[in-house]
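Peer 1: Handing you this structure, nothing more for now.
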Amino acid sequence: MDAAGEKDDAKRLRAKAAALDKKDHKLQLLDEKSAQCSALQREIEQLQSRLDEKRCQHDALAREIAKLRRPSASQQQVLVRTQIMELSLTKLSDADFQFEGIDTQELIKSGIGSVIASFSSSSAELSTIPHPRSGTLGAGHHEQVAYEIFDEGNRVQALIAALRKTGALNILAEPDLVTVSGRPASFNVGGEFPVPAPAGSESSVTFRKFGTQLELLPLVMSGQRIRLEIRSRISELDEASAVEIGGRRIPGLRVREVSTCCELENGQSLVLAGLIQLRKVAEKSPAANSGADAAEPAKEPPTERVELIVVVTPHLVEALHPSTTDNTAGGPITADRRFSPTHPHSSPPARAVR
């Protein structure tokens, strides 16, 4: 073989070697990319596994939240029996009132709220679970709203019954409200008065409510416990705080209001008391005054100390067919007796609210 042929063979061999080196380099790069892809795939799988765990946790939490939000397996009906009362401590001081274990003078001085707060030694917050049987809640302006949770036959009921006999306790409203768990119910006895509201060159009139107002929101929890939100508002027209608007005299309002939330067993009662107010007592004008009496300065009208008391008792009830026989009272269930307690120790069948 001549020298030229050997050179050509050498060139071809060098070219093949260079091509093989390039292929080896590409294979190395491919192996590196493959290793990187494998690492990324493993990271993706780990992230997917974590995501699946988070989704499982989220689904579990969503089920728990739905379970907590769901009042019960069925739409449970709740009957809330309410008493809104007013105790005249001034009238009570004139009555010969005695009750076993109660300091009458302390009752007259501080109201029934101070008495029921001493029925139990518990002093924790009302929202504590398990909640105390009694205690006090701050109401602002250094006032305390006393509360007690009691069962049927408790001393609070006996005390209220004894106070009613004296004539010092006046029932403002005694509504029975039936609603579905999770749905609000309200009650209003009173009226409305017009309030002019300027609107540019014209004027409009809005109406404000006054009287006895009650708002309830029961929620049936597990174990036949009832979470109850309560808002009671008692308002009266107050001419002393009236204002002139557009040549019209608009009266003010004296308001007593209490709002709270607690959990009760089926048939338990919650009593709220302690909101005491000084009220001026209107006197009848004398028929005719002598000249000497007319010259005397006008006397301040007498005042009366009154205390607001609210008692609420929720019952779980179910609707019955009119033809169903009530074994407790006998006879068919009429339109006035279509609700019965679901608990065997609850009170007699409630009347349907008309």
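Peer 1: Is one or more of the residues making up the stretch 193-204 closer than 30 Å to residue 149 by Cβ and either open to solvent by 20 Å² or more (accessible area, probe 1.4 Å) or part of a strand (DSSP E or B) (or both)?
Peer 2: Applying the first criterion (closer than 30 Å to residue 149 by Cβ) to the stretch 193-204 yields none.
Scanning the stretch 193-204, I find no residue that is closer than 30 Å to residue 149 by Cβ and either open to solvent by 20 Å² or more (accessible area, probe 1.4 Å) or part of a strand (DSSP E or B) (or both), so the answer is no.
Peer 1: Shifting gears a bit: Just give me the residues in the stretch 233-275 being touching a residue at least 40 places away in the same chain (Cβ under 8 Å), among the basic types (Lys, Arg) and exposed (fewer than 13 other Cβ atoms within 10 Å of the Cβ), in sequence order.
Peer 2: Across the stretch 233-275, the qualifying residue is only 248.
Peer 1: Any residue at all in the stretch 63-77 that is under 30 Å from residue 277 (Cβ atoms) and surrounded by fewer than 10 Cβ atoms within 10 Å (Cβ to Cβ)? Break it down stepwise before answering.
Peer 2: Keep residues of the stretch 63-77 that are under 30 Å from residue 277 (Cβ atoms), which gives none.
Within the stretch 63-77, not a single residue is under 30 Å from residue 277 (Cβ atoms) and surrounded by fewer than 10 Cβ atoms within 10 Å (Cβ to Cβ).
Peer 1: Would you check which residues across the stretch 258-272 are assigned to a strand (DSSP E or B), at pLDDT 85 or above and not hydroxyl-bearing (Ser, Thr, Tyr) and list them?
Peer 2: 261, 262, 263, 264, 265, 270, 271, 272
Peer 1: So if I check each of 180, 195, 220, which one is aliphatic (A, V, I, L, M), touching a residue at least 24 places away in the same chain (Cβ under 8 Å) and under 29 Å from residue 245 (Cβ atoms)?
Peer 2: Values: 180 fails: under 29 Å from residue 245 (Cβ atoms); 220 fails: under 29 Å from residue 245 (Cβ atoms).
Criteria check complete, one pass: 195.
The values are calculated or read from the model by the stated rules, or taken from the named source; none is laboratory data. The structure presented is a predicted model; accordingly, all values stated were derived computationally and were not measured. Cβ atoms come from the backbone with ideal geometry, glycine included; neighbour counts cover every protein chain shown. Only protein heavy atoms, including side chains, enter the accessible area calculation; ligands, DNA and RNA are left aside. Shrake-Rupley method; radii C 1.70, N 1.55, O 1.52, S 1.80 Å.
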